[in-house]
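The structure appears right after this line, and notes come after that.
The values are calculated or read from the model by the stated rules, or taken from the named source; none is laboratory data. A quick note: this is a predicted structure, and the numbers were derived from the prediction, not measured. In this analysis, Cβ positions are derived from the backbone assuming ideal geometry, glycine residues included, and neighbour counts consider all displayed protein chains. Surface areas here come from the heavy atoms of the whole protein model, side chains and all, with no ligands, DNA or RNA. Shrake-Rupley method; radii C 1.70, N 1.55, O 1.52, S 1.80 Å.
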Amino acid sequence: MGKTYVCSDIHAHADILREVLKKLQSDDRLYMIGDAVDKGPDGMEALKILRDDPRCEMLIGNHDLMMLQNLACEEHRDEIPAFLIDDIFMRWQILNFGWASWEAFRQESEEEQQSLTAFLKERPVLRIVEAGGRRFILVHAAVPKDYPFDEPQDLNMDVLADPKYPFLYDWKSDFVWGRYVTKVPGYTVIVGHTPAQYRGGEFIMQDGEDWYDIDCGLAYNEDSSKLALLCLDDMNLEYIPIMKRASFSDRR
Ligand SMILES: [Mn+2]
């Protein structure tokens, strides 16, 4: 049986994702715990690799969710008040740098657009994984306070469904936005989302042995930006430095 690896926040650095997959064996598994798109050079390529390589499982991140929210708005334009559409479009495309991903998505064929949308809709929100005799909870940002801590379970997109507009999502959910430490007894929690640089560091953050934030800031496109690749079987950690630093106009 192969090994289980986890990384996070690829943020459109498809070249680094390819590099990681080159290192893996054919029976290894890679969980990418959210934020495939935005801020880096090639978000659509990153999404396609994660969709097409059978070793990969991608969880939803806040950026992926905002992209999906924008797509759902287009699809259900007549059923949503205009102010809400404006808010959703501005939230992603302007405030969170989604414009380049939106443009790149539009360059894809109709068939590819449909396939990528379906892929995003099917992303898990929280996954429980066992490796090296240890149990892990993988989630993009945080385990919210109302998670069933006594009976941890996998969660899919249903948990993010908007009660008022079922085709939209609760894009503000703490699962993908929370910046706090929540521990789950008996499990090691692995999150991404908050870059080490945001906390004044440049390497992964730990709180004891049972909580890790592995986002090392590829979103920033800085010299210190890197990908942390954590092997869950032996907790071995490897850093892959940024390859292509995307300038503002290079972002896709
Ligand atoms: Mn994020």
Practice task
Report the Stokes-Einstein translational diffusion coefficient (µm² s⁻¹, integer) for the chain, Rh taken as the Kirkwood radius over Cα pairs, at 10 °C with viscosity 1.306 mPa s.
Solution key: 87 µm²/s
Exercise for the section: For the chain, give the percent of accessible area contributed by carbon and sulfur heavy atoms, probe 1.4 Å, rounded to a whole number. Expected result: 47 percent
Fill in the blank from the handout: With x for Gly and Pro, the residue-by-residue ³J(HN,Hα) of region 121-126, computed from phi through the Karplus equation 6.51 cos²θ - 1.76 cosθ + 1.60 at θ = phi - 60° and given in whole Hz, is 4, 8, 5, x, 9, 9
Fill in the blank from the handout: Regression test value, accessible area per residue of region 1-122, probe 1.4 Å, units Å², expected 41 Å²
Completion exercise
Once Lys and Arg are counted +1 and Asp and Glu -1 for all other residues with Cβ under 15 Å from that of A82, the total becomes -3
Fill in the blank from the handout: Across L68, L21, L138, the residue with the highest GNM fluctuation in the chain (Cα network, 10 Å cutoff) is L21
Exercise for the section: Using 0.36 nm per residue of separation minus the Cα-Cα distance, give me the extension gain between L237 and D52 in nm, one decimal. Expected result: 64.1 nm
Exercise for the section: Among H11, V37, A246, flag the residue with its Cα farthest along the positive direction of the charge dipole of the chain, charges on Cβ as +1 for Lys/Arg and -1 for Asp/Glu. Expected result: A246
Practice task
Only bridges with both residues in the chain count here: give the DSSP antiparallel percent, nearest 5.
Solution key: 60 percent
Problem - Too-long pairs where the Cα-Cα distance tops 22 Å, listed order kept, from K22/K226; K39/K183; K121/K226; K3/K23 - result: K39/K183; K121/K226
Problem - Highest-MSF residue in the chain out of I204, I85, I16 [GNM, Cα springs under 10 Å] - result: I85
Completion exercise
Taking only the Cα positions of region 10-79, the convex hull volume per residue in Å³ is 82 Å³
Problem - Highest-fluctuation residue, K183, K48, K22 considered, GNM on the chain with Cα pairs under 10 Å - result: K22
